[in-house]
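The values are calculated or read from the model by the stated rules, or taken from the named source; none is laboratory data. From a predicted model like this one, the values you see are computed outputs, not experimental measurements. All Cβ positions, glycine included, derive from the backbone under ideal geometry; neighbour counts span all protein chains shown.
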Amino acid sequence: MIKIVVIDDDCLVTQALATIINSELDLKVAATGHSAQEAITAYSSYRPDVLLLDIRMPQHTGLEATKTILQNDAQAKILLLTTFTDDDYISQALKLGVKGYLIKQNLNAIVPAIRAVANNQSVFGNEIMKKIQPQASQITTYNLSLTPREQEVLTLVAQGLNNKEIAHTIYLSEGTIRNYISQLLDKLQVRDRTQLAIYYYQKLAHT
């Protein structure tokens, strides 16, 4: 059972999200809240598998709550929800190390996104990817001593594809993809695929 905490300043949105999530047999909402402080407290109390967190809230934002939570638990899996595709929010979210960033109106994507984040995958909605992907060609400007194939795998990881999907996309075996990802983790000195994605987007933002 995947345990989730849902935080949104709109009570109706919180209730709707909780209803959608609890209708799934493998998902359970352990707690809900409506502020950044409640997010911090609920995460500490319930240690959810996934924290579903709104960005824009009164007094303190979801980004501020995210920063505090990740400082206390670097392994926290946080999926941010927003009605905005503001570039600055996206940049801040990636730099903080969130697992995902979705537009909350895309309700059909929320349950699959929760499952993916619980499985340690990065998830970014189509609206978010449209903000970032136009810069993808700039990956070749990195001075990382990466091979063209490693750069290709890094790009696909950053887009949220799993090993099977990457293997299918570039016609390699899943075992080969695992080897490439291990090489990337070692070369870039990061701990997991989420950090690979964050590294990719941070570098793009500065090119």
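Observations on the model:
- Looking only at region 73-91, and only at residues there that are in a helix (DSSP H, G or I) and under 19 Å from GLY160 (Cβ atoms), the one that is nearest to the chain's Cα centre (by Cα): ILE90
- Residues in region 99-112 that are of a type in the set (Gly, Ala, Ser) and more than 19 Å from ASP10 (Cβ to Cβ): GLY100 alone.
- Residue count, region 1-19 (criterion: among the β-branched types (Val, Ile, Thr), in a helix (DSSP H, G or I) and touching a residue at least 60 places away in the same chain (Cβ under 8 Å)): 1
- You will find that of ILE110, ILE166, ILE170, the residue that is within 21 Å of ILE20 (Cα to Cα), modelled with pLDDT of 80 or more and in contact with a helix residue (DSSP H, G or I) (Cβ under 9 Å, 6 or more places away or on another chain) is ILE110 and no other.
- Residues considered: LEU70, LEU51. Of these, the only one that is on the phi < 0 side of the Ramachandran plot, under 14 Å from the mean Cα position of the chain (by Cα) and buried (at least 23 other Cβ atoms within 10 Å of the Cβ) is LEU51.
- Among the residues here, MET57 qualifies as touching an Asp or Glu at 6+ places or on another chain (Cβ under 8 Å), over 21 Å from GLN75 (Cβ atoms), of a type in the set (A, V, I, L, M) and modelled with pLDDT under 95.
- For LEU51, the requirement of being at pLDDT 95 or above and of a type in the set (A, V, I, L, M) is met.
- Filter result for the condition that a residue is at pLDDT below 80, surrounded by 17 or more Cβ atoms within 10 Å (Cβ to Cβ) and not small (Gly, Ala, Ser), over LEU146, LEU102, LEU156: LEU146
- Matching residues in region 20-38 - criterion: being over 19 Å from ILE103 (Cβ atoms) and either in a helix (DSSP H, G or I) or touching a residue at least 60 places away in the same chain (Cβ under 8 Å) (or both): ASN22, GLU24, ASP26, LEU27, ALA36, GLN37, GLU38
- Boolean, THR61 is surrounded by 16 or more Cβ atoms within 10 Å (Cβ to Cβ), touching a Ser or Thr at 6+ places or on another chain (Cβ under 9 Å) and hydroxyl-bearing (Ser, Thr, Tyr): no
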